[in-house]
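Report on one structure; see the data block that follows.
The values are calculated or read from the model by the stated rules, or taken from the named source; none is laboratory data. Worth saying up front: this structure is predicted, and the values here are computed from it rather than measured. Cβ placement follows ideal geometry from the backbone for every residue including glycine, while neighbour counts extend to all protein chains displayed. Ligands, DNA and RNA are excluded from the accessible area calculation, which covers all protein heavy atoms including side chains. Shrake-Rupley method; radii C 1.70, N 1.55, O 1.52, S 1.80 Å.
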Amino acid sequence: MVSRVIPVDPFDLVIFGGTGDLARRKILPGLYRRFWDGQMPPEARIIGAARSEMDEASYRAFVRDAVTEFVSKRKCDSELLDQFIERLSYVAVDARGEDGWEQLAGMMRDGVVKAYYFSVGPSLFGDIAERLHRFKIADDDARIVVEKPFGHNLETARALNATLARHFDETQIYRIDHYLGKETVQNLMAVRFGNMLFEPLWNAQYVDHIQITVAETVGVGGRGDYYDRSGAMRDMVQNHLMQLLCLTAMEPPSKFDPDAVRDEKLKVIRALEPVEPHDIVRGQYRSKDESYLVDVENKDSLTESFVAMKVHIANWRWNGTPFYLRTGKRMKERVSEIVVRFKEPPHSIFEEDTGQSANELTIRLQPNEGMDLTVTIKEPGPGGMRLIDVPLDMTFAEALGEEAADVPDAYERLIMDVIRGNQTLFMRGDEVEAAWAWTDPIINGWEAREDKPKPYEPGSTGPEEALILLHKDERRWRELRA
Ligand code: NAD
């Protein structure tokens with residue numbers, strides 16, 4: 001396949017938290033892959049900025065190790081890796097103090113795109129923004145990339161937006177949700193708005209219900225105490241599942257441009273109905289050998305490691321079509337997917353129990369990014385009219401060849417969007433606030449009632465009550481496979 005990679009403009013990218021876990025596993029290896037692909041111009045430069053005292057050689061060695069560990073061997077060509085490493089510098093800065101800032105200011109070049117990635121804890125976002133301004137490091141065209149979590153609730157998200165707004169215009173702020181950088185998520189928009197086939201059916205008249213699942217097999221592990229302050233609702237639903245819901249449910253934007261897309265997403269969030277307590281199930285993994293409560297410090301924690309809920313969107317398109325969301329840790333399968341279950345044909349011309357069932361479109365974000373549409377056909381051969389469901393499988397690796405399936409990781413794609421100045425796949429401040437405005441009452445209700453999460457077996461599909469949530473509506477979750 002011919003490479004369609006278009007180099008971005010020359011840039012100086014500063015990674016605050018350049019020695020942290022996210023930088024090591026995702027940001028730096030992702031940048032190398034963009035370099036390997038020829039997307040990074042020769043003048044591009046990456047500056048690690050973090051608390052540790054470290055010289056440039058040590059930082060370069062750190063990055064080399066990170067790339068070697070997290071990039072496929074095929075791409076770790078030593079000559080290219082050497083050239084990439086030459087683009088790296090390091091400066092020790094104290095986000096809360098004055099150390100290192102003059103030096104950083106002296107390193108920034110004029111005439112190139114300036115991007116600052118805040119890959120540090122959210123309590124430092126304001127300090128860094130203020131210093132970028134005070135040390136005159138950020139011009140009007142500079143961009144900042146802000147990691148999750150974006151606030152802990154509506155009040156803190158508003159405060160954070162206000163802090164950033166003191167120093168940066170909204171057009172300069174890139175709130176990252178890496179789910180939006182996934183190939184399949186963008187493909188969801190391509191499929192919906194690039195075909196005539198789906199959009200006419202994409203509404204309450206033809207869609208029975210939609211399921212969005214983001215399940216992880218791992219527990220909270222070493223991040224237990226961070227997670228315990230957050231829980232599945234804040235850590236996953238308010239951001240990632242909400243974004244998937246928006247892209248699935250939104251009206252066609254008039255253009256694929258940042259404000260047009262984000263306006264439509266915002267309308268979906270604002271149309272979400274409050275969730276009744278009987279439409280939501282919280283869970284915590286627990287067995288005699290393994291327990292959430294062992295993994296966290298607070299042995300009486302009521303934080304949920306699983307949540308499932310039925311959500312309604314109060315608008316013409318979706319009136320009466322429920323969206324079922326579920327996410328959890330220590331589940332049976334690691335999978336992120338959206339399942340659109342269409343209605344059954346209004347009348348069957350075939351005899352009963354011929355095997356006819358409803359069409360289902362599955363949009364799989366991981367593993368094996370791709371789409372799958374089940375279609376009912378006649379079972380081949382004699383024996384009368386017996387129907388079977390066959391998948392029209394659009395796994396990218398198979399449909400487009402291995403090279404096309406080797407798509408950029410979400411982080412690297414999003415960082416290149418930052419350099420290009422394209423905010424389409426980033427959350428706008430009002431979107432984030434609207435999402436908190438919807439989740440806050442749910443979380444506050446739990447806290448006020450001291451709601452106890454239901455236990456579920458590690459490695460399972462979650463609490464029994466989550467299955468019942470759909471059974472009550474005579475529906476079933478798409479099965480998770482071990
Ligand atoms: P980390 O603890 O591994 O790294 C923190 C980094 O911040 C280090 O480089 C450290 O030197 C730097 N730092 C801390 N205090 C500083 C100070 N006062 N001045 C300057 N630098 C300072 O954290 P992480 O896991 O890399 O996460 C970074 C951010 O990304 C967090 O906001 C986190 O919530 C978010 N995030 C992380 C992941 C992940 O997989 N690690 C995923 C999603 C979001």
Q. Which loop-located trypsin sites (Lys or Arg not before Pro) does region 272-373 contain, where loop means any DSSP state but H, G, I, E or B and the Cβ has at most 10 other Cβ atoms within 10 Å?
A. K288, K299
Q: DSSP loop (so not H, G, I, E, B), at most 15 other Cβ within 10 Å: list which trypsin sites (Lys or Arg not before Pro) in region 91-126 pass both filters.
A: R96, R109
Q.
Quick check for you: which residues of region 10-37 have the amide N under 17 Å from the point 7 Å beyond the Cα of R109 toward its beta carbon?
A. 10-15, 35
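Ranked from the most accessible area to the least, with a 1.4 Å probe and all protein chains present, what is the order of H209, H178? Can you show the working numbers first?
Values: H209 10, H178 50 Å².
Putting H209, H178 in descending order of accessible area: H178, H209.
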Q: Quick one: go through region 93-107 and flag any residue whose amide nitrogen is under 18 Å from the point 7 Å out along the Cα-to-Cβ line of D139.
A: 104-107
(Q) What does the charge count around V339 come to, taking other residues whose C-beta lies under 9 Å from its C-beta (Lys +1, Arg +1, Asp -1, Glu -1)? (A) 0
Q. Given labels modelled 7 Å from the Cα in the Cβ direction, how far is it in nm from A437 to A314?
A. 1.3
Q.
Within 10 Å, at most 12 other Cβ atoms, and a DSSP state outside H, G, I, E, B define an exposed site. Report the longest part of the chain free of exposed GluC sites (Glu not before Pro).
A. 99-296
**Q.** FRET efficiency, 1/(1 + (r/R0)^6) with R0 56 Å, evaluated for A358 and E130 via beta carbons
**A.** 0.55
Q) Rounded to a whole number, what % of the accessible area of region 226-340 do carbon and sulfur atoms account for, probe 1.4 Å? A) 49
Q) What base-10 log of the normalised intensity I(q)/I(0) is obtained for the chain from the Debye formula, alpha carbons as equal point scatterers, at q = 0.05, 0.08 Å⁻¹? A) -0.21, -0.53
**Q.** Whole-number percent relative contact order across region 115-202, with pairs defined as alpha carbons under 8 Å at least 6 apart
**A.** 28
Q: For R420 and T163, calculate 0.36 nm times their separation in residues minus their Cα-Cα distance, and state this gained length in nm to one decimal.
A: 90.1 nm
Q. Relative to the present Cα-Cα distance, how much length would full extension add between V218 and E53 at 0.36 nm per residue of separation?
A. 56.1 nm
Q | Solvent accessible area, Å² - D140, 1.4 Å probe, full protein context | A | 150
(Q) For a Förster distance of 41 Å, can you work out the FRET efficiency between the beta-carbons of D77 and R334, rounded to the nearest 0.05? (A) 0.85
Q: Can you work out the accessible area per residue across region 257-356, with the rest of the protein chains kept in place, probe 1.4 Å, in square angstrom?
A: 50
Q.
Below 8 Å between Cα atoms, with a sequence gap of 6+, how large is the relative contact order for the chain in percent?
A. 17
Q.
Run through region 228-279 and list the trypsin sites (Lys or Arg not before Pro) located in a DSSP loop whose Cβ has at most 11 other Cβ atoms within 10 Å.
A. K255
Q: Multiply the residue gap between E351 and E297 by 0.36 nm, knock off their C-alpha separation, and tell me the result in nm, one decimal place.
A: 13.5 nm
Q. If R0 is 35 Å, what FRET efficiency do you get for E98 and D259 from their C-beta distance, rounded to 0.05?
A. 0.40
Q. What is the spin-label model distance, in nm, from E290 to N368 if the labels are put 7 Å beyond Cα along the C-beta direction?
A. 2.3
Q: Considering only protein heavy atoms, with the full assembly of protein chains and a 1.4 angstrom probe, order S357, S301 by accessible area, largest first.
A: S357, S301
Q. What is the percent of Cα-Cα separations in region 11-147 that go past 21 Å?
A. 37
Q: Hey, can you find the accessible area per residue of region 11-147 for me, probe 1.4 Å, expressed in square angstrom?
A: 43
**Q.** M196 versus E344: modelled label distance in nm, points set 7 Å from Cα along the beta carbon direction
**A.** 3.1
Q. Rounded to a whole number, what % of the accessible area of region 11-147 do carbon and sulfur atoms account for, probe 1.4 Å?
A. 45
